[in-house]
Amino acid sequence: MSAAQSEKQTKTSRGQDLRHSRRLVVKIGSALLVDHGRGAIHRQWLDALTDDVAALMAAGTEVVLVSSGAIALGRRHLGLTQSGLKLEEKQAAAATGQIRLAHAYQESLARHDISVAQILLTLDDTEERRRHLNARSTLNTLLKMRTLPVINENDTVATSEIRVGDNDRLAARVAAMLGADTLVLLSDIDGLYSADPRRNPDADFIPEVAAVTPEIEAMAGVAPSDYSNGGMVTKLSAAKVATGAGCRMVITDGQRLHPLAAVMEGARCTWFLASVEPRTARKRWIAGSLKPSGRLRLDAGALSALRSGKSLLPAGVTAVEGTFQRGDAVLVCDPEGREVARGLAAYSAADARRIIGHKSREIEAILGYRGREELIHRDDLVVS
């Protein structure tokens with residue numbers, strides 16, 4: 001087999017991986033979605049993209065879109081055609097454009113009877129623990145209901161200058177938060193090169209990256225335009241976040257019609273590989289990087305269930321120690337007080353004390369609201 005045939009086979013194999021993704025996050029740049037001269041959506045392109053999304057969802061893949069474009073859509077509608085908009089002008093454009101953006105996705109996906117949900121996030125929503133849990137819970141619920149979340153940065157409430165390219169990093173954080181196995185960055189370039197190919201026609205194409213090393217980071221260029229997605233710098237930053245969370249990432253040229261189908265058919269792109277599975281990465285994070293805020297003591301039955309891979313239910317907890325809030329890390333101990341696991345609590349210490357020893361079906365009557373059935377879900381639990 002020739003080197004060219006081998007490379008084509010590798011690309012096609014990676015593309016098949018995309019087709020078989022369990023949970024896929026796709027980031028869409030403003031330059032792809034919006035005709036900046038007219039301030040209007042590229043309808044043909046969007047319809048082709050949503051055709052690809054519908055096909056993936058029909059095959060069982062859960063899909064989340066992280067989409068730029070609100071400012072680009074809103075600025076022309078408000079007559080803000082000058083360059084170098086002030087922060088408040090960008091925020092006003094985002095507020096206007098976000099409605100148009102959501103409506104465009106709704107119309108396009110309605111052709112496939114797919115419901116759409118709009119989610120506005122800031123980076124803080126993915127980093128601050130309790131907000132992270134709330135956002136993750138909402139997104140997981142939408143995905144279970146076969147609804148497609150369309151996420152954008154909440155530009156209208158930004159307290160610092162809106163930076164071009166933030167949605168690359170936001171998409172990576174969303175992928176990490178949701179335990180996605182694949183992140184696709186649709187761009188105006190087909191992948192990573194050893195240098196900026198617009199300036200150096202001899203730059204070498206890099207089809208696969210096993211790790212984002214300083215040498216790889218040195219290949220990044222600069223953002224090509226005021227409307228662009230931030231250039232390769234933000235994409236490599238996104239790759240570090242995604243792959244560190246067990247999510248492989250691909251950069252591909254999104255300018256063609258049906259860009260996701262093109263990747264599945266072996267189109268040229270750069271794959272960034274993850275060394276661990278998403279769940280493994282999350283478990284490592286819980287086990288090694290959290291400072292526990294409290295302790296839960298179990299009875300023998302709960303301990304046995306825990307070791308067989310079950311979630312921790314309130315009925316099997318005999319004592320709650322310490323002060324913690326929902327989402328904080330806690331130690332899980334056996335009847336003698338020895339650590340057997342650690343995880344993220346689904347309830348505060350105060351609420352946990354009220355529901356321990358009770359069946360899950362009694363939680364709503366005790367607390368006055370319907371929370372989770374588990375005190376710690378198995379996905380948020382690491383057995384020592």
To the nearest 20 Debye, how big is the dipole of the chain about its Cα centre, given +1 on the beta carbon of each Lys and Arg and -1 on that of each Asp and Glu?
880 debye
Across the Cα atoms of region 232-384, what radius of gyration and what greatest pairwise Cα-Cα distance (Dmax) are found, in Å?
20.4, 62
Mind listing the phi-derived Karplus ³J(HN,Hα) values for region 258-267, rounded to whole Hz, using 6.51, -1.76 and 1.60 with θ = phi - 60°, and x for any glycine or proline?
6, x, 6, 4, 4, 4, 5, 8, x, 4
Nearest-0.05 FRET efficiency for H20 and T141, computed from C-beta distance (R0 25 Å)
0.55
Compute the acute angle (0 to 90°) between the alpha-carbon long axis of helix 3-19 and the principal axis of greatest extent of the alpha-carbon atoms of the chain; round to the nearest 10°.
50 degrees
Based on DSSP loop calls and a cut-off of at most 12 other Cβ atoms within 10 Å, the longest stretch of the chain free of exposed GluC sites (Glu not before Pro) is what?
162-335
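Taking the inverse of the average 1/r across all pairs of different Cα atoms in region 22-79, what Kirkwood radius in Å do you get? Let's see the in-between values first.
Numbers: mean 1/r = 0.0809 Å⁻¹.
It is 12.4 Å.
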In whole Å, what three semi-axes, largest first, describe the equivalent ellipsoid of region 62-143 built from its Cα gyration tensor (square root of 5 times each eigenvalue)?
26, 20, 7
Nonlocal amide H pairs with G357, under 5 Å, H built at 1.01 Å
A315, G316, V317
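I need to check one value: relative contact order of the chain, counting alpha carbon pairs closer than 8 Å and at least 6 residues apart, in percent. Could you put the intermediate results ahead of the total?
Values: 797 pairs, mean separation 58.5, N = 384.
Here the relative contact order equals 15 percent.
Quote to one decimal, in nm, the extra length available between W285 and T213 on full extension: 0.36 nm per residue of separation minus the C-alpha distance between them. Working shown, then result.
Numbers: separation 72, 0.36 × 72 = 25.92 nm, distance 2.12 nm.
Extending this stretch completely gives an extra 23.8 nm.
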Projected area of the chain, taken from the Cα convex hull and averaged over every viewing direction, in nm²?
21.5 nm²
Simple SL model, points at 7 angstrom along Cα→Cβ for E321 and S115; separation in nm is 4.5 nm
Say the dipole of the chain comes from +1 at the beta carbon of Lys and Arg and -1 at that of Asp and Glu; which of A211, G179, A72 then lies farthest toward its positive end?
G179
Just the Cα atoms of region 303-384, one point each, no solvent: what log10 I(q)/I(0) does Debye give at q = 0.11, 0.13, 0.19, 0.25 Å⁻¹?
-0.24, -0.34, -0.75, -1.35
How big is the gap, in Å, between the Cα center of region 34-61 and the Cα center of region 289-308?
46 Å
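Taken together, the values in this text are just the output of simple stated rules run on the coordinates, not laboratory data. Model, not experiment: these values are computed from the prediction. So basically every Cβ, Gly included, is an ideal-geometry build from the backbone, and we count neighbours across all protein chains shown.
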